[in-house]
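These notes concern the structure reproduced below.
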Amino acid sequence: RQVAISASRMGATVIITGRNEERLNATFKELETKESQQFLADLQDNSGLELFVEGLPELDGIVHCVGIVKPFPIKYISIEKINETFDVNYNIQLTLMAQIARKKKLKRNASIVFSSSISAAHPHKGGALYAGSKAALEIFSKTLVLEFSHLKIRSNCLASAMVKTPMYDYAQNQASKEQMDKHVEKYPLGVGLPDDVANAAIFLLSDASR
C-alpha cells in the first residue's frame, strides 16, 4: 500500500490490484496521479489472473507486495498449511510473472521488485513455511534475471526485517509484550516504517538502481 502511495507522489502512474475491494478503494483514494488504475482481482483464480494481465499496458516496473505469516511448529505442519502459505507467498507471484511474460507486458529495461524477508536467511522457530516461501521467492528472482537479462530487465528482493504494518500488529497479538519488547531491543535504529520499504522499492524501480 505504501509503495503505491509513495510512487504516485513521485509522479508514477500506478496500477494496483487486490481481492479486498474496501482496502483497494482506500489505497486508490490515496494515489496522486490521475492516470492511475485499480483492478479488483483474485490472482489465485486463473481466469481472474488472465483477465487482469490482459488489461495491463506495457509496464516499466512491478512491485510484488503480498504475503501471509502463520507460524507453525514442524510437528503441526500439514499439506494444507504448506499450500496456504506458498499459494500466497510464492505461487501467485510466479504465475503472475509467467502470464505477464507470455503476454509480453514488460518493457525493455523494466525492473521487478519482490518483498522478501530477513527470515529467508535467518529463520525462526515456527517459521519453516514463511521463511521457506521467502527463500524460494529469492531464487525465483535470480532465475528471472537469468532468463530476461537479454531485455536488460532486472529483479531484486527487499529483505525487510520487522516493519510496522498490520503484520506487526498480528505479531504483537500473538506474543507477550515482554517478548515483543525483547525483540525490538535488537533494532538499534528502531523498527522499520512502511515509508522505509517504499523508498527502497522506488529506488529499485528507478533507473538510479541500474
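In this structure, the pairs whose alpha-carbon distance is over 32 Å, taken from LYS104/LYS164; LYS29/LYS177; LYS103/LYS142; LYS152/LYS186, are LYS104/LYS164; LYS29/LYS177; LYS152/LYS186. The amide H of LEU106, built 1.01 Å from its N in the peptide plane, has LEU59 as neighbours under 5 Å, considering only residues 5 or more places off or on other chains.
For region 79-91, take each phi angle, set θ = phi - 60°, evaluate the Karplus expression 6.51 cos²θ - 1.76 cosθ + 1.60, and give the result in whole Hz per residue in order, putting x for glycine and proline. Listing the rounded values in order: 4, 5, 5, 4, 4, 4, 6, 6, 4, 7, 7, 9, 4 Hz. A dipole drawn for the chain from +1 and -1 charges on Cβ atoms has a positive end, and of VAL163, ILE153, VAL69 the residue lying farthest that way is ILE153. Straight Cα distances below 18 angstrom link LYS75 to the lysines LYS125, with same-chain residues fewer than 8 positions distant left out. Within the listed set GLY67, GLY126, GLY190, the Gaussian network model of the chain (springs between alpha-carbon atoms below 10 Å) gives the highest mean-square fluctuation for GLY190.
Inverting the mean 1/r over all pairs of different Cα atoms, compute the Kirkwood radius of region 46-179 and quote it in Å. Write down the numbers at each step before the final one.
On the way: mean 1/r = 0.0619 Å⁻¹.
Answer for region 46-179: a Kirkwood hydrodynamic radius of 16.2 Å.
Computing the accessible area with a 1.4 Å probe over protein heavy atoms, can you report the carbon and sulfur percentage for region 65-210? Carbon and sulfur: 58 percent of the exposed surface of region 65-210. So, in Å, what gap is there between the alpha-carbon centers of region 34-86 and region 17-32? Value for the Cα centre distance between the two parts: 15 Å.
Based on Cα contacts under 8 Å between residues 6+ apart, the chain shows a relative contact order of 21 percent.
The values are calculated or read from the model by the stated rules, or taken from the named source; none is laboratory data. A quick note: this is a predicted structure, and the numbers were derived from the prediction, not measured. When we count neighbours, we look across all protein chains shown, and the Cβ atoms used for this are built from the backbone with ideal geometry, even at glycine. All accessible areas refer to the heavy atoms of the entire protein, side chains included, with ligands and DNA or RNA removed. Shrake-Rupley method; radii C 1.70, N 1.55, O 1.52, S 1.80 Å.
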